[in-house]
Amino acid sequence: MQALTLEKRQAFKSHALFGQLPPGDIDVLLSHARLEHYLADSLIFAKGSPERSMHAILRGSVRISTLSPSGKEVALTIIQAGHIIGEIAMLDGGDRTADATAITECDLLVIDYRDFNSILERHNDLCIRLLRILAQRLRQTDRYVEEMLFEQLGSRLATTLLRLAESVVAPSVPLTLRVSQEELGRMIGSTRESVNKQLQAWHRSGLVELGRRLIVVHDLARLQAVT
C-alpha cells in the first residue's frame, strides 16, 4: 500500500497538470484518487456514458476514437503517459464525447469531479493550465479536420507522427512512438496497407525504423519537412 501511494505521489509530481500543486493539495487528491488497471484493447469509457471523472495516465497509451455514421472506427488521437483524458465530461457534466481504449496495458489514476472541483476553486493557476490543455485539444481537432480535407497521405501521416511526438514526456531523438500501423490508419482515414507502404519507403530512406507496435523516428526536422 505504501509503495502504491509513493507511485501515485510521484505520478502527480511529474504530471503536466498536477505537478505544481502544493503538497497538501496533492495529499487531498491522493486520498480520493483510485488506481485502475486496464489490459490492452480494454474499453476505459464509452462515448455517451455519463461519468464525471478525469483520468491521469501513469503508464501506457490510450486511443481516443469515435464511430462514423457507417460504423467505422475513427481514431482522433493517442494520449500517452503523463497526460489526462476525460476532462471535458468532468468539467461540464455532459456525456463522454468519445471512446477511450487502452492500446497497451495501462495504469490510470481516476479523480472524480467532486474531489477535483474543490482544488480548482482554490487554485486559479490550475484552472489556467486546464484551459490551456482544452485549447490544445481544440486546436488538434481543427488541424485534424484540415488534414482529412486537404492533405495527401504522406503529409497526413507525417503530421500525425509529429503530433504523437508532442505528447511524449521528455522526448529525445531517436524518438520511439508506440503505435501500430492499423491505429495510424484509423487516425489519418486510410488503410493499414497504405500506411505500411509509406512507412516502408521512409524506412528505406533511413527516416524511421519499424517494429511491432512501434515506430522509431530518427530525424524530426526531416519528418517536419514532409508535411
Legend entry - Residue check for Ala135: within 30 Å of Gln20 (Cβ to Cβ) and at pLDDT 80 or above: yes
Legend entry - Of residues in the range 101-110 being assigned to a strand (DSSP E or B) and among the aliphatic types (A, V, I, L, M), the one nearest to the chain's Cα centre (by Cα): Ala102
Legend entry - Test result for Glu105, out of contact with any Pro (no Cβ under 7 Å at 6 or more places or on another chain) and under 24 Å from Leu177 (Cα atoms): yes
Inset, instruction - Would you tally the residues in the range 56-82 being touching a Cys at 6+ places or on another chain (Cβ under 9 Å) and either assigned to a strand (DSSP E or B) or under 16 Å from Phe45 (Cβ atoms) (or both)? - result: 6
Inset, instruction - State all residues of the range 114-146 that are small (Gly, Ala, Ser) and under 16 Å from His83 (Cα atoms); if no residue qualifies, say none. - result: Ala135
Inset, instruction - Within the range 41-81, work out how many residues are among the β-branched types (Val, Ile, Thr), over 11 Å from the mean Cα position of the chain (by Cα) and modelled with pLDDT under 85. - result: 1
Inset, instruction - Might you let me know whether the range 150-159 holds any residue that is over 23 Å from Glu193 (Cβ atoms) and either acidic (Asp, Glu) or modelled with pLDDT of 80 or more (or both)? - result: no
Inset, instruction - Please name all residue pairs, on different chains or six or more residues apart, with Cβ atoms under 6 Å, provided the first residue is in the range 175-200 and is within 17 Å of Thr77 (Cα to Cα) and the second residue is of a type in the set (Lys, Arg) and at pLDDT 90 or above. - result: Gln181/Arg192; Glu182/Arg192; Gly185/Arg192
Legend entry - Pair list, Cβ < 6 Å and 6+ apart or interchain, from the range 202-227 residues that are among the acidic types (Asp, Glu) to residues that are in a strand (DSSP E or B) and modelled with pLDDT of 90 or more: Glu209/Val216
Inset, instruction - Please work out which residue is farthest from Ala75 (Cα to Cα), limiting yourself to the range 161-174 and to residues that are among the aliphatic types (A, V, I, L, M) and in contact (Cβ under 8 Å) with a residue 60 or more places away in the chain. - result: Val169
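Rundown of residues vs (1) touching a helix residue (DSSP H, G or I) at 6+ places or on another chain (Cβ under 7 Å); (2) under 30 Å from Leu30 (Cβ atoms), yes/no style:
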residue	(1), (2)
His83	no, yes
Thr97	yes, yes
Glu121	no, yes
Gln136	no, yes
Arg139	no, no
Val145	no, no
Ser155	yes, no
Leu164	no, yes
Val173	yes, no
Inset, instruction - Check whether at least one residue in the range 136-145 is of a type outside the set (Val, Ile, Thr), within 28 Å of Ala102 (Cβ to Cβ), in contact (Cβ under 8 Å) with a residue 40 or more places away in the chain and out of contact with any Ser or Thr (no Cβ under 9 Å at 6 or more places or on another chain), and report yes or no. - result: no
Inset, instruction - Under 7 Å between Cβ atoms, at least 6 apart or on separate chains: pull out the pairs that start in the range 88-100 with a residue that is at pLDDT below 80 and assigned to a helix (DSSP H, G or I) and end on any residue that is of a type in the set (A, V, I, L, M) and surrounded by 21 or more Cβ atoms within 10 Å (Cβ to Cβ). - result: Met90/Met54
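The values are calculated or read from the model by the stated rules, or taken from the named source; none is laboratory data. These numbers were taken from a predicted model, which means no experiment stands behind them. Every residue, glycine as well, gets a Cβ built from its backbone with ideal geometry; the counts of neighbours run over all protein chains shown.
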